[in-house]
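Undergrad: Below are the structure tokens for one structure; questions will follow.
The values are calculated or read from the model by the stated rules, or taken from the named source; none is laboratory data. A quick note: this is a predicted structure, and the numbers were derived from the prediction, not measured. Because the Cβ atoms are built from the backbone with ideal geometry, glycine has one as well, and the counts that use them run over all protein chains shown. The protein model used for the area step is the full one, side chains on, heavy atoms only, and it has no ligands, DNA or RNA in it. Shrake-Rupley method; radii C 1.70, N 1.55, O 1.52, S 1.80 Å.
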Amino acid sequence: MIRARWIVPLHGPPVEGGWLRISRGRIVDLGAGPPPGHRDDASTIDAAGAIVIPGLVNAHTHLEFSDVDPPLDTAGGLPTWIQRVVALRRGRASGPAAEAQVAATIRRGLDESAAQGVTAIGEISTGIPVGGYPAGGPRVRVFREALGLSATSAMTAGAEAIRDVAHLLAAGVSAGISPHAPYSVAAPLATALIAAARSRSVPLAMHVAECEAEAELVRSGTGPFRDLFERLGVWPSGGPALHSAAEWISRLARGPRGVVVHGTHLDCDPDALARLARHRDRLCVGVCPRTTRALSGRLPPIGLFRGAGVRVAIGTDSRASTPDLSVLAECRTLVAAGVVSPEESLRMATVDAAWALGFERTCGILAPGRPADLAVLMPTVAHTDAYEAILDPATRIIATLRAGRVIAGSFACMSNTSDRP
Ligand SMILES: [Zn+2]
């Protein structure tokens, strides 16, 4: 039993003076006033001033960069930043020690996420880490990423990605497939990846419509991406066959669920936006506001997406472009810019992000029967509005629970407490 100043279920209004009962990892009931038939005992957590919210969902990140601090320089925009990412990757050692290092970095990102109140993550993975994805932290949807421009590299990348997805599914991991981006995935690889997502019924996630340079490369095979790929020696002679953002959106809609990540440039692409709106029953947008602002100098066109009836989920992207893995910091960025209300931003970081990952029946709201995936927050200054209190940067996250088990923080500072509800 957790008692708190506010229980914020997200599928209904905040419950003031509320309580929430957990049994066997699931929420049994919640309400206001005295909990019926309950006497406080050692299992009661009296978090009098606290706020209980659904565990936050990070719709898009790349945990392999969780040790990058500070983020890579974003000056020069996306193609220049991609070059820095490639240099970072190429600078890594190879061999067992380096692979163990990547696994430790992913674990570090999971730990940081849990400490930030996150209980589910959409992870873009370039390979299964040594020992697999650790259990016991946040839930993870692992989107295996693939890219390739030449016929040979595309074929190898596709085969490896599809093999990894089979391994993940066999290990009981929630898997997905991520074609990297329209500028980096040649048409034959696109066909193979979409077919695999359909046949295995796994969701898709893809960076789409990030900048004008992407559109230029797809349209005419020229521009900063062409220059970059020539320098890297990956531009095939004769040029690759590439799909436009609009064509990609139609293809992503052939899978069971898809996240169009970023979509920053969709305000210049009415055809792509119309296709996205047409497929809003299976596609949503995943925005990473701080990263988009750093790389593009503006925020994603969220009003446009919402006006088209498209769900918008929030992600952090990786520490290669953002200083931490705080979903609440992404919410604050949108609210401070006047783009959405505090409540709307939190819905994007819970309900809609859970939908983006295909986890909508598991997490994203507080409701009887659901796993007790939640975060307990403690404001440090007085508030009259629960959503504003949640987003106050001075509010502390004191504990994060997945299925009723504490995965970060503790209730040690609470009265009448035990560590495990
Ligand atoms: Zn990304």
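Undergrad: Quick one: Cα centre-to-centre distance for the range 248-289 and the range 154-189, in angstrom?
TA: With the range 248-289 and the range 154-189 each reduced to a Cα centre, they are spaced 19 Å.
Undergrad: Let me ask something else. Using a cut-off of under 11 Å, list every residue of the range 232-259 whose amide N is near the label point 7 Å from the Cα of ARG282 along the Cα-to-beta-carbon line.
TA: Label zone hits: 250-258.
Undergrad: In whole Hz, what ³J(HN,Hα) sequence does the range 224-236 give by Karplus (6.51, -1.76, 1.60; θ = phi - 60°), x for Gly and Pro?
TA: x, 5, 4, 4, 4, 5, 4, 4, 7, x, 10, 7, x
Undergrad: When the solvent-accessible surface of protein heavy atoms is calculated with a 1.4 angstrom probe, in what order do ARG219, ARG332 fall, highest first?
TA: Descending order: ARG219, ARG332.
Undergrad: With the cut-off at 1.5 for a/c, could you classify the range 178-284 from its C-alpha gyration tensor as rounded, prolate or oblate?
TA: Oblate is the answer for the range 178-284, as a/c is 1.5 or above yet b/c matches or exceeds a/b.
Undergrad: Next question, about the same structure. At 1.4 Å probe size, with every protein chain present, just tell me what the per residue accessible area of the range 56-356 comes to in Å².
TA: Value for the range 56-356: 36 Å² per residue.
Undergrad: Once the whole set of protein chains is in place, how much accessible area is left on LEU147, using a 1.4 Å probe, in Å² to the nearest 10?
TA: Here the residue's solvent-accessible area equals roughly 80 Å².
Undergrad: Right, next: Sketch the reach of a paramagnetic label on ASP29 as a point 7 Å from Cα along Cα-to-Cβ, and name the residues of the range 350-371 whose backbone nitrogen lies under 19 Å away.
TA: The answer is 366-371, whose backbone nitrogens lie closer than 19 Å to the label point.
Undergrad: Counting pairs of alpha carbon atoms under 8 Å apart in space and at least six apart in sequence, what relative contact order in percent does the chain give?
TA: Relative contact order, the chain: 24 percent.
Undergrad: Right, here's the next one. So if I take the centroid of the Cα atoms in the range 85-121 and the same for the range 43-61, what is the distance between those two points in Å?
TA: Spelled out, the Cα-based centre of one part sits 25 Å from the other.
Undergrad: Using +1 at the Cβ of each Lys and Arg and -1 at the Cβ of each Asp and Glu in the chain, identify which of LEU228, PRO300, ALA114 lies farthest towards the dipole's positive end.
TA: The residue sitting most towards the positive pole is ALA114.
Undergrad: Turning to a different aspect of this structure: How much of the pair distance distribution for the chain lies past 36 Å, counting alpha-carbon pairs only, in percent?
TA: Everything past 36 Å amounts to 24 percent.
Undergrad: Treating only the Cβ of Lys, Arg, Asp and Glu as charged (+1, +1, -1, -1), what charge dipole size does the range 56-356 show about its Cα centre? Round to the nearest 20 debye.
TA: 620 debye
Undergrad: Further question on the same structure: Using 1/(1 + (r/R0)^6) with R0 = 45 angstrom and r between the beta carbons of SER341 and SER199, what's the FRET efficiency to the nearest 0.05?
TA: The value I calculate is 0.65.
Undergrad: Taking the range 109-219 on its own, what percent of its Cα-Cα pair distances exceed 25 Å?
TA: Distances greater than 25 Å cover 26 percent of the Cα pairs.
Undergrad: Roughly how tilted is helix 78-91, in degrees to the nearest 10 and between 0 and 90, from the longest Cα axis of the chain?
TA: 90 degrees
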